Structure formats: structure tokens, C-alpha cells
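The values are calculated or read from the model by the stated rules, or taken from the named source; none is laboratory data. Keep in mind that what you see is a predicted model, and the values were worked out from it rather than measured. All Cβ positions, glycine included, derive from the backbone under ideal geometry; neighbour counts span all protein chains shown. Heads up: the accessible areas ignore ligands, DNA and RNA and are worked out on the full protein's heavy atoms, side chains in. Shrake-Rupley method; radii C 1.70, N 1.55, O 1.52, S 1.80 Å.
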Amino acid sequence: MSLELAWSNEQENHEISEQFITLLNQILQKAGEAEGVTDGEVALTFVTNEKIHELNYAYRGIDRPTDVLSFALNESMDEEPDIVYELEDGEELEFGDMLGDIIISVERAQEQSEEYGHSLERELGFLFVHGFLHLLGYDHQDAESEAEMMGKQEAVLKQVGLVR
């Protein structure tokens with residue numbers, strides 16, 4: 001097993017190219033390498049503002065859209081269930097191999113890329129590595145933890161050429 005990305009696109013406003021998915025895979029590998037994570041799967045879904053608004057309200061009680069949500073599969077369980085997923089290539093993936101889900105609003109990412117003056121690809125890459133770090137337990141509740149996350153995110157993005 002290795003660190004793998006499974007993705008889906010549930011929005012129609014912006015095309016998600018295979019070339020961009022390749023870049024996201026590179027981001028995942030670099031971020032995993034930096035954090036010592038070499039095995040597992042991350043599920044990434046691109047959605048609309050409307051969909052992420054629904055999810056943000058349902059799971060966090062916040063009644064507005066956000067840019068990215070992360071759901072670590074093991075964060076609320078004392079014991080992992082005995083679940084095995086079969087992948088398309090016939091390989092089996094145990095529940096413990098699933099790191100979690102990252103959901104990104106492409107609409108919100110587009111808005112933020114315009115606000116910050118950089119490309120949509122850079123913003124989506126930033127949100128993806130941000131979500132990945134959340135899956136690993138990082139948070140940004142105070143200035144120190146926010147600075148730590150920001151430094152890690154920027155280091156990964158620099159390695160793949162997504163600088164501001």
C-alpha cells in the first residue's frame with residue numbers, strides 16, 4: 001500500500017483536469033513525506049458552495065459555506081471497525097488505511113484566489129494540503145498552531161511550484 005488519492009468532482013463550474021489531479025497527487029506525496037505518512041488513502045471531493053454550506057451546517061452547525069472541510073475517519077472512534085474496501089484494481093483497503101475525506105468548494109476557492117491574487121490551482125492546492133494536515137490532527141485554534149500549519153502548507157506548495 002502507498003499514499004493514494006481518490007477523487008470525485010460534484011461541481012460543473014470548473015473543469016478538474018487529469019494534469020491537475022497529478023499535481024494534487026504530488027502534493028499528497030510531499031505532504032505525506034514531510035509528516036512521515038507513507039500509507040493510506042485520502043478521498044477528495046470537489047463541490048459547490050451550496051453543497052459545502054449544507055455539510056458545514058450539518059456537521060459543524062455553521063450556517064454558511066466554507067472553503068474546505070476535513071473528516072478524519074478515526075477521530076471519533078475508540079476502536080476501528082472490521083471493514084475492508086475492495087478497490088477497482090482488486091487490491092483490498094482496510095478501514096485503518098483510510099485517512100479521511102477532504103471536501104473543497106471550488107466556487108469558494110475561485111473567490112479566494114481572486115482575493116489573494118493567485119491562481120485557482122494554487123488555492124485548490126493550498127486547501128488540499130490544509131485539509132490533509134487536518135486529517136493528521138493539526139489545527140489552527142491559536143496563533144502558534146496557525147503559524148505551524150501555514151509553514152507546513154507553504155513548504156509543500158513550494159516544492160511543487162505553487163507559490164504566490
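The table below gives the values:
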{"item": "Separation between Cα centres of the range 13-31 and the range 127-152, rounded to whole Å", "result": "20"}
{"item": "Debye equation applied to the C-alpha atoms of the range 4-67, log10 I(q)/I(0) at 0.17, 0.20, 0.24, 0.28 Å⁻¹", "result": "-0.75, -0.90, -0.99, -1.07"}
{"item": "Beta bridges by DSSP in the chain, antiparallel share as percent, to the nearest 5", "result": "35"}
{"item": "Protein accessible area in the chain, 1.4 Å probe - carbon and sulfur %", "result": "42"}
{"item": "Gaussian network model of the chain, springs between alpha carbon atoms under 10 Å - residue of ASN13, ASN25, ASN49 with greatest fluctuation", "result": "ASN13"}
{"item": "Compactness of the chain as Cα Rg over 2.2 N^0.38 Å, two decimals", "result": "1.02"}
{"item": "Between 0 and 90°, nearest 10: helix 18-35 axis offset from the chain longest Cα axis", "result": "70"}
{"item": "Förster radius 25 Å - calculated FRET efficiency between GLU146 and TRP7 (Cβ-Cβ, nearest 0.05)", "result": "0.40"}
